[in-house]
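In what follows, a structure is listed as structure tokens, so that the remarks can point back to it.
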Amino acid sequence: MDPIAWLSGSLGVPYWAVRAVAAPLVYPGLAAFMVVALFIIWAERKIAARVQMRVGPLYVSRRLGGALQVLADGVRIAFQEIIIPVGVEKWSFVLSPILAFTVVSLAFTMVPGGPGIYGFRSSLSLLATYAIVTLTPILVIVMGWASNNKFSYIGAGREALVSITGEATLLASLLAAAMMYGSMDFVEIVEAQMRSHVPGLVANPVAALLFFIAALLVTDRLPFDLVLGEQEIVQGPYTEYTGLLFALSMALGYAKLYVLMLVFTHVFLAGWAPFTSPLLGSIAVFAKTLLLMLVAVFLRSVYGRMRLDQVASMFWSKLFPLALVAFVVSALIHPIYAP
Amino acid sequence: MAGSAGGDRHRSRPGLVRAHLEAIATAARRLLEPPMTMPIPDYGDARVPGYRGVVLFDYDKCIGCSLCAQICPARAIKMYRVPGDKRLRPGYNVGRCIFCGLCTDICPTDALSESIVHDRVYDDVPSMDMDPVDWAVWSRRVLEEERKPGRPLLRARVDPERGLVYERVDAEGGPVAEEKGEER
Ligand code: SF4
Ligand code: SF4
């Protein structure tokens, strides 16, 4: 029944140690993320194509509607030469995308993938996940600075502004939710929602909306993809990257999106509810997360890019004050989650 | 970041939420509609009747009257002296040709004719400027290519209700019944 128990028994390693390795590497960690990334990038291209009345990826695996296109792209990128331009700060250039992706992956130890499927459980895991995810902008700025390229510079500057702008709202909405549940532990948060049969989305829609919008901003999704800004600054901080380093820098955004949507699932969509068994619960969490990511990539074909000052003024003058409203809602609604 | 101009426009505009919902609904509706693009690698684009492509030359029909070289507005046709031939014969520069078709009209013996191709690849610029013999040989090749059974053809039509639609046609432009474009 429990593969982790079986593994720990046959290897003679303590249960918690197996779990701490399995969660970040298999599910909800890297292996699951690979599947999600392959699917979601394909879905993003296909959805954008269909909304624009095009066909989208098709010729790689025609039967599956071109679903293997991303895999083919990945193979091509893997065999591409990694070009290190003359003017770059070599070590920071090479190491920062690797480090950034590693840092995001650390979040997989904290976020559960289902009931009992997590690396570590702590009473501060919500906050720790937030801290880990918001560490990456520093490394992205290092990438932009090390690249020695105007576009990268501008992209890095935007990343600095965007991350400060978005993270304030992100943190505020998370704290409002934590206040509502009286806990910062994902497991307790989900259990509180299952106990009262009210998902956080219904109890505090303001916080949920703010979290979603801020998550779009910190993961460079449209309408806030200022950092990438293809038509303006090529690829922002990632302009000079090729081959696997480019793949890593692209995966970074999707990994962040995946982590944040997992967090959204737990905090606002009641995680593995209505199931309690590890398998069904994991499937529920995975399905909800995937659905949220599909919504996030669907928005790409709805909106255009906002200007930097529009984004800043919208977040600071409207969404952040709205976060205070979310706190008020939490304070009013919080008794329904009382144990 | 003075951005109040951009920000103010958003503030308190009536129906902002509705506008967002409408935008999302529009995109969602489009998502379910079939694509409108033409599946080019699988299907060819049927030529309309009277399509004017590169000019083809039949050496044996030519009487060397030079009318084509005189009428050509783009000076794409020049008369050449061919060794072993008493008369001047036309040579053709595809790079100059504007596909007006005047030469094919004026030719008294129908030595010149229009093809339905004009998108061809040439190795370099000099190879676009052909002397009479080259032109005749090249014309035969183009003709052969034209006759070869190629991809199935589609013709685009604007339907007042459905927008752009594509229908299967045969090489002569006649409609091909039932068989429809592959579902994508
Ligand atoms: S088609 Fe017109 S431009 Fe071309 S060769 Fe004939 S007369 Fe000249
Ligand atoms: S008009 Fe016709 S017959 Fe006269 S030179 Fe040109 S190709 Fe030959």
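Where a number appears in this text, it was derived from the coordinates with a stated rule and is not lab data. The structure displayed is predicted, hence computed values, not measured ones. When we count neighbours, we look across all protein chains shown, and the Cβ atoms used for this are built from the backbone with ideal geometry, even at glycine.
Summary of computed values
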| read-out | value |
| --- | --- |
| Approximate spin-label separation B:Asp124-A:Leu135, in nm, with each point projected 7 Å along Cα-to-Cβ | 6.0 |
| Ratio Rg/Rh, restricted to the stretch B:55-147 and using Cα atoms, in which Rh is the Kirkwood radius | 0.92 |
| In Å, descending, principal axis extents of the Cα set of chain B | 86, 53, 28 |
| Modelled FRET efficiency - R0 60 Å, B:Cys100 with A:Ala160, Cβ distances, 0.05 increments | 0.50 |
| Cleavage-rule hits (chymotrypsin sites (Phe, Trp or Tyr not before Pro)) in the stretch A:25-86: DSSP loop, at most 10 neighbouring Cβ within 10 angstrom | A:Phe79 |
| Reach of B:Lys61 by Cα under 26 Å, taken over lysines that are not fewer than 8 positions away in the same chain | B:Lys78, B:Lys86, B:Lys148 |
| Peptide A:42-48 - average C-beta neighbours from other chains (10 Å radius) | 1 |
| As computed over the stretch B:28-88, the Cα convex hull volume per residue (Å³) | 190 |
| Compactness index (Cα Rg / 2.2 N^0.38 Å), the stretch A:1-100 | 1.56 |
| A:Leu280-B:Val133 FRET efficiency (beta carbon distance; Förster radius 60 Å; 0.05 resolution) | 0.15 |
| Overall dimensions of the stretch A:45-110 by Cα: Rg and Dmax, Å | 17.4, 46 |
| The stretch A:21-179 - Rg over Rh from alpha carbon coordinates, Kirkwood radius | 1.02 |
| Separation of the A:Phe79 and B:Val17 label points, Cα + 7 Å toward Cβ, nm | 5.4 |
| Whole-Å semi-axes of the ellipsoid equivalent to the stretch A:274-339 (Cα gyration tensor, √5λ, descending) | 31, 25, 7 |
| 10 °C / 1.306 mPa s Stokes-Einstein diffusion coefficient of the stretch A:132-253, Kirkwood radius on C-alpha pairs, µm²/s | 101 |
| Cysteines without a disulfide-compatible partner [the protein assembly as shown; Cβ-Cβ under 4.7 Å] | B:Cys62, B:Cys65, B:Cys72, B:Cys97, B:Cys100, B:Cys107 |
| Rg(Cα) / (2.2 N^0.38 Å) computed for the stretch A:185-339, rounded to two decimals | 1.18 |
| All Cα pairs of the protein assembly as shown, percent lying beyond 47 Å | 33 |
| Relative contact order (%) - the stretch B:55-147, alpha-carbon pairs under 8 angstrom, separation at least six | 37 |
| Of B:Pro83, B:Ser127, B:Leu164, farthest towards positive along the dipole that unit charges on Lys, Arg, Asp, Glu beta carbons give chain B | B:Leu164 |
| Fluctuation leader among A:Tyr153, A:Tyr303, A:Tyr27 - chain A, Gaussian network, Cα springs under 10 angstrom | A:Tyr303 |
| Extension gain (nm, one decimal) between A:Leu71 and A:Trp91, 0.36 nm per residue minus Cα-Cα | 4.3 nm |
| Mean separation of Cα contacts under 8 Å, 6 or more apart, over the residue count of the stretch A:3-337: relative contact order % | 23 |
| Directionally averaged shadow of the stretch A:1-46, computed from the convex hull of its alpha-carbon atoms, nm² | 3.6 |
